[in-house]
Amino acid sequence: MPRPLFATIHPDSMQHNLSQARTCAPMAKIWAVVKADAYGHGLERAMHGFATADGLALIELENAIRLRELGWIKPILLLEGFFEAADVPLLAEHNIVTAVHSVEQIKLLEYTQLYRPIDVYLKMNTGMNRLGLRPDEYAAAYKRLRAIPDVRNITHMTHFANADELEHPLLTIAEQVRRFQIGAADLPGERSLSNSGGVLHQAMISEHLQNDWVRPGIMLYGGTPGGRSAGDFGLRPTMTLRSEIIGIQHIERGDTVGYGSRFVAEGPMTIGVVACGYADGYPRSAPHGTPVIVDGVRTGLIGRVSMDMMTVDLSPVPNARIGSKVTLWGDGLPIDDVAHAAGTIGYELMCAVAPRVRIAEGRLGTDG
């Protein structure tokens with residue numbers, strides 16, 4: 001029998017979360033973000049789950065080409081653009097939209113002749129300070145792009161640093177939008193500003209935004225960038241990680257559990273050993289009390305997570321036995337709850353699921 005650990009992907013939840021994004025930003029077209037193998041869900045599964053999206057966005061050119069090979073005929077956007085001159089002809093060949101965020105990329109486009117024009121997203125740095133041209137550089141960059149015969153449509157793009165906290169004391173959305181509007185003033189073309197946080201808060205900040213295209217990522221997978229919970233926004237989990245109890249120990253006061261003997265029992269208790277560890281993608285940093293569900297009852301992690309196993313408190317689940325079902329995140333246990341307890345974010349947990357974890361598809365509320 002295979003090890004009793006598997007992740008269930010819920011395509012119905014993908015479809016639901018995409019519809020929630022449309023409800024939040026009804027006037028905008030949607031790039032469904034599928035980078036990092038669709039946040040660990042699998043590129044092909046996401047392509048089907050987000051079939052009604054207006055386009056798919058990612059950062060890996062090879063996966064953009066794979067989407068074409070899989071039959072995706074709608075737009076594809078490379079969020080980081082291209083990395084070398086050899087990439088540029090492939091954009092035209094496979095009809096892929098590219099971000100442009102630097103003068104160096106513009107130079108490569110100026111010196112590369114294509115057999116058909118490509119569309120470009122010109123990125124402005126409005127305070128995130130990762131990729132993009134400063135507002136005072138932006139108009140000149142646009143002018144250079146516009147002069148390239150093989151550049152067709154130019155869309156204006158920026159990225160919000162704090163869309164989960166509208167009034168962040170160091171950089172608000174309103175300030176980033178103000179900088180964007182100054183940098184792109186009087187320049188024709190569509191606009192794309194909002195990531196998941198911007199989409200989820202669209203109603204609260206709509207007076208600031210002109211979004212022709214939005215770029216939701218984590219919200220499509222049932223997580224949030226911070227602030228309120230996914231459930232508050234009507235989002236559903238798209239991945240459930242499940243295992244089973246494979247061992248039970250009865251310990252006494254003063255007994256310790258796991259490497260480093262970090263957990264010390266304050267009295268008699270029963271603990272369960274779960275077939276999941278950090279080699280499966282579960283965070284080793286998860287502390288005592290990180291939530292898990294055993295046979296439908298919420299309980300907590302105890303001791304240090306090891307490579308292949310973890311231990312949980314079975315005191316609230318007196319009838320637990322070998323083979324009892326364990327939910328580590330997903331259906332009934334929001335991934336953000338686990339991530340928060342472990343001092344990380346849901347994105348990391350989704351992306352970290354290891355190749356040895358079996359993956360299946362199933363509707364939310366089933367065992368897959």
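Some notes on this structure:
- Those residues of region 122-140 which are more than 16 Å from residue 177 (Cβ to Cβ) and either among the charged types (D, E, K, R) or outside any strand (DSSP E or B) (or both), in sequence order: 129, 130, 131, 136, 137, 139, 140
- When 301, 328 are checked against the criterion of being in contact with a Phe, Trp or Tyr (Cβ under 7 Å, 6 or more places away or on another chain) and part of a strand (DSSP E or B), 328 stands alone in meeting it.
- When 225, 216 are checked against the criterion of being within 19 Å of residue 348 (Cα to Cα) and touching a Gly at 6+ places or on another chain (Cβ under 7 Å), 225 stands alone in meeting it.
- Look at region 318-345: where a residue is over 18 Å from residue 284 (Cα atoms) and open to solvent by 60 Å² or more (accessible area, probe 1.4 Å) and a partner is part of a loop (DSSP other than H, G, I, E, B) and acidic (Asp, Glu), sitting 6+ places away or on another chain with Cβ atoms under 9 Å, you get 319/295; 321/295; 325/295; 325/367.
- Residue within region 81-89 that is within 30 Å of residue 247 (Cα to Cα), modelled with pLDDT of 95 or more and either among the hydroxyl-bearing types (Ser, Thr, Tyr) or part of a helix (DSSP H, G or I) (or both) present: no
- Looking only at region 71-88, residues that are surrounded by 15 or more Cβ atoms within 10 Å (Cβ to Cβ) and out of contact with any Gly (no Cβ under 7 Å at 6 or more places or on another chain) come to 8 in all.
- Residue match in region 65-72 (condition: outside any helix (DSSP H, G or I) and not charged (D, E, K, R)): yes
- Within region 168-184, tally of residues that are small (Gly, Ala, Ser) and open to solvent by 30 Å² or more (accessible area, probe 1.4 Å): 1
- Yes/no for residue 98 being more than 30 Å from residue 229 (Cα to Cα), assigned to a loop (DSSP other than H, G, I, E, B) and among the polar types (S, T, N, Q): no
- The single condition from (1) in a loop (DSSP other than H, G, I, E, B); (2) modelled with pLDDT of 95 or more; (3) within 24 Å of the chain's Cα centre (by Cα) that residue 168 fails is (2).
- Residue match in region 260-267 (condition: hydroxyl-bearing (Ser, Thr, Tyr) and either without any contact (Cβ under 8 Å) to a residue 24 or more places away in the chain or at positive phi (or both)): yes
- Scanning region 145-158 for residues that are open to solvent by 20 Å² or more (accessible area, probe 1.4 Å) and touching a residue at least 40 places away in the same chain (Cβ under 8 Å) yields one hit, 150.
The values are calculated or read from the model by the stated rules, or taken from the named source; none is laboratory data. The shown structure was predicted, so the numbers you read here are calculated from the model rather than taken from an experiment. Ideal geometry is used to build each Cβ from the backbone, glycine not excepted, and the neighbour counts take in all protein chains shown. Heavy atoms of the whole protein, side chains included, go into the accessibility calculation; ligands, DNA and RNA do not. Shrake-Rupley method; radii C 1.70, N 1.55, O 1.52, S 1.80 Å.
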